[in-house]
Amino acid sequence: MNSNVENLPPQVLRLVYKEVSALAADPPEGIKVYPSEEDITELHTAIEGPEGTPYAGGVFRMRLVLGKDFPAAPPRGYFLTKIFHPNVGHKGEICVNVLKRDWKAELGLRHVLLTIKCLLIHPNPESALNEEAGRLLLEDYKEYASRAHLLTEIHAMGGTSGAPQEPADGPQPKKHAGDPNKRVAGAGLVTNGVAANNLSNSSSSGTSSSNTNIVAKKKMDKKRALRRL
């Protein structure tokens, strides 16, 4: 989504910055807040699944987006972590009254975060975005809890803190025979080996030639001595 920083009045931006800074320094229990340094109108958070619910043990990443009419209009909330919940749509959109008809400008972002966390404890099937989850909640809570817990295990228990993740450095490729550096080094070794071998052969050749000359000289001296007799 596009940033709304340029669309909000300076006094509103100051209030938002002040509240977001306070949330980051002293967040509600079970909620972590990660302000964006580039866009104060988009707030990333991580909500711990409340104990005694199918979401316990999970960490759910979420974001709040402040529109150009904030605080007259409520922020929009989205779950970034996949969750099976009546009030969360398939694209992560959140349906809760505080983000709709019950919104008041003086409520603030802290109240919004606490309300969304409470939604994990007390889902509202009457305003369901996920109709299947809403139906199971009313007709077969055991099946609803099983499905919700399964998705929590799969998507919300990855061992991360919920912080927005930077692209991770992948496994470094291992050096292998095709590595150009190794090919150069190998070529150098081969070249040096060939040079050393040639030097050795040259030395052996030189020694053999010298020995042959000595033998020939001795034969000539012997012939000359015989001729004098």
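Figure legend. Inter-residue proximity from the range 117-145: first residues farther than 17 Å from Gly77 by Cα, second residues of a type in the set (A, V, I, L, M, F, W, C) and open to solvent by less than 40 Å² (accessible area, probe 1.4 Å), beta-carbon distance below 6 Å, spacing 6+ or different chains. Indicated pairs: Pro125/Leu137; Ala133/Phe84; Gly134/Ala128; Glu143/Leu136; Tyr144/Leu136; Tyr144/Leu137. Every condition in (1) over 23 Å from Thr41 (Cβ atoms); (2) modelled with pLDDT of 95 or more holds for Glu126 except the one numbered (2). In summary, Leu137 fulfils each of the numbered conditions (1) within 16 Å of Phe60 (Cα to Cα); (2) modelled with pLDDT of 95 or more with the single exception of condition (1).
With the structure loaded, tell me whether Tyr78 is surrounded by fewer than 21 Cβ atoms within 10 Å (Cβ to Cβ) and either within 17 Å of Val96 (Cα to Cα) or of a type in the set (Phe, Trp, Tyr) (or both) or whether it fails that test. Judged against the criteria, Tyr78 is a match. The number of residues in the range 1-10 that are in contact (Cβ under 8 Å) with a residue 24 or more places away in the chain and open to solvent by 40 Å² or more (accessible area, probe 1.4 Å) comes to 4.
Considering only residues that are exposed (fewer than 15 other Cβ atoms within 10 Å of the Cβ) and modelled with pLDDT of 95 or more, look in the range 26-49 and name the one that is farthest from Gly158 (Cα to Cα). The qualifying residue farthest from Gly158 (Cα to Cα) is Asp26.
Within the range 98-112, the set of residues being out of contact with any Ser or Thr (no Cβ under 6 Å at 6 or more places or on another chain) and either of a type in the set (D, E, K, R) or closer than 12 Å to Gly77 by Cα (or both) comprises Leu99, Lys100, Arg101, Asp102, Lys104, Glu106, Leu109, Arg110, Val112.
Answer yes or no as to whether Leu64 is open to solvent by less than 10 Å² (accessible area, probe 1.4 Å), of a type outside the set (Val, Ile, Thr) and more than 19 Å from His149 (Cβ to Cβ). Don't jump to the end; show me each part of the working.
On the way: open to solvent by less than 10 Å² (accessible area, probe 1.4 Å): yes; of a type outside the set (Val, Ile, Thr): yes; more than 19 Å from His149 (Cβ to Cβ): yes.
When the stated conditions are applied, Leu64 passes them.
When Leu13 is tested against the conditions (1) assigned to a loop (DSSP other than H, G, I, E, B); (2) surrounded by 15 or more Cβ atoms within 10 Å (Cβ to Cβ); (3) not charged (D, E, K, R), the lone failure is (1). I'd like to know if the range 95-103 contains one or more residues that are exposed (fewer than 15 other Cβ atoms within 10 Å of the Cβ), more than 29 Å from the chain's Cα centre (by Cα) and modelled with pLDDT of 95 or more. Checking the range 95-103: not a single residue is exposed (fewer than 15 other Cβ atoms within 10 Å of the Cβ), more than 29 Å from the chain's Cα centre (by Cα) and modelled with pLDDT of 95 or more.
The values are calculated or read from the model by the stated rules, or taken from the named source; none is laboratory data. Because the structure is a prediction, the values reported are computed rather than measured. Using ideal geometry, Cβ is built from the backbone for each residue, glycine included, and neighbour counts are taken over all protein chains shown. Please note that ligands, DNA and RNA were not included when accessible areas were found on the heavy atoms of the full protein model with its side chains. Shrake-Rupley method; radii C 1.70, N 1.55, O 1.52, S 1.80 Å.
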